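Q: My structure is below; once you've seen it, I'll send some questions.
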Amino acid sequence: MPAPRPGRVLVGERALRSRIAELGAEIVRRYAGEPPVVVGVLQGAFLFMADLVRAMPIDLATDFVRLESYGSGTTSTGQVRLTHDLATSIEGRDVLVVEDVVDTGLTLAALRRTLEARQPRSLRVCALCDKTGRRQVDVRVDWVGFTLPNVFVVGYGLDYGGLYRNLPHVVVLERI
Ligand code: IMP
């Protein structure tokens, strides 16, 4: 069987740019006068977060967490571990979590529990991609960039075995 490789483009650069501009404008409206702490989930959200915060012309703060939920395969292990924590306190703050993909929802549900225990004033989530058809737990996502079918995607921050994060668009991983 051939090794999986990046195949067809699912979300191109132009679509990413215009959707992120829309998301940024919507999110800014929601936080009128009270800029949030934007928390990126490494590594997958690094490019999305970089573009999203540049579409949010307000005095926001940024921080990052790193979670481990996947090995080098394409299915969730169901185990989530915080391997890098926030540098700042979020108690009493408005927090916007920026995620790459919500798939089974296990990772985001665990992250929400961890962050909510720190008593932020509000906790909202913006995910670049949502694979609603694969959900195993019900988890709230406030803003979604693109709803995807049940396919494994790479590029624009998303990886397979540590590769392909630097592709400028979201593509389907295929066995070609
Ligand atoms: P969940 O816990 O199943 O919702 O998985 C969430 C995490 O799995 C995401 O933050 C990604 O890091 C990874 N993931 C899920 N689907 C994909 C995909 O299609 N491509 C790359 N990573 C994915």
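Q: For an R0 of 45 angstrom, estimate the FRET efficiency from the Cβ-Cβ distance between R8 and E68 and round to the nearest 0.05.
A: Working: r = 29 Å, r/R0 = 0.64.
Computed FRET efficiency for R8 and E68 comes out at 0.95.
Q: Once label points are set 7 Å from the Cα along Cα→Cβ at both E22 and E174, what is their separation, rounded to one decimal in nm?
A: Placing both labels 7 Å beyond Cα along the Cβ direction yields 2.6 nm.
Q: Moving on. Going toward the positive end of the dipole of the chain, with +1 on Lys and Arg Cβ and -1 on Asp and Glu Cβ, which of V151, M49, N166 do you reach last?
A: V151
Q: I would also like to ask the following. Could you compute how fast the chain diffuses translationally, taking Rh as the Kirkwood radius over C-alpha pairs and applying Stokes-Einstein at 37 °C with viscosity 0.692 mPa s? Give it in µm² per second.
A: 200
Q: What is the packing order of peptides 98-111, 49-62, 1-14, taking the mean over residues of other C-beta atoms within 10 Å and listing the highest first?
A: Descending packing order for the listed peptides: 98-111, 49-62, 1-14.
Q: Would you mind putting 17-23, 39-45 in packing order, based on average other-beta-carbon counts within 10 Å, highest first?
A: In decreasing order of mean packing, 17-23, 39-45 become 39-45, 17-23.
Q: Moving to a separate point now. State, to one decimal in nm, how far the label point of R134 lies from the label point of A87, with both points 7 Å from Cα in the Cβ direction.
A: With each label placed 7 Å out from Cα toward Cβ, I get 3.2 nm.
Q: Let me spell out the model: positive unit charges on the Cβ of Lys and Arg, negative unit charges on the Cβ of Asp and Glu, origin at the Cα centre of region 5-169. What dipole size does that give, in debye rounded to 20? Show your work: numbers first, answer last.
A: Details: 21 positive and 19 negative charges, 72 e Å.
For this selection, approximately 340 debye.
Q: What accessible area per residue comes out for the chain, rounded to a whole number of Å², with a 1.4 Å probe?
A: Accessible surface, normalised per residue, equals 51 Å².
Q: Using 0.36 nm times the number of residues separating A15 and R30, minus their current alpha carbon distance, what extension gain do you get? Present the calculation step by step, with values, prior to reporting the outcome.
A: Working: separation 15, 0.36 × 15 = 5.40 nm, distance 2.26 nm.
That works out to 3.1 nm of additional length.
Q: Just check region 1-43 against the gyration tensor rule for me: Cα atoms, a ≥ b ≥ c as the square roots of the eigenvalues, rounded for a/c under 1.5, and otherwise prolate or oblate depending on whether a/b exceeds b/c.
A: Oblate, because a/c is 1.5 or more while a/b does not exceed b/c.
The values are calculated or read from the model by the stated rules, or taken from the named source; none is laboratory data. Not measured: the values here are computed from a predicted model. Every residue, glycine as well, gets a Cβ built from its backbone with ideal geometry; the counts of neighbours run over all protein chains shown. Side chains are part of the model used for accessible areas, which takes the heavy atoms of the whole protein and leaves out ligands, DNA and RNA. Shrake-Rupley method; radii C 1.70, N 1.55, O 1.52, S 1.80 Å.
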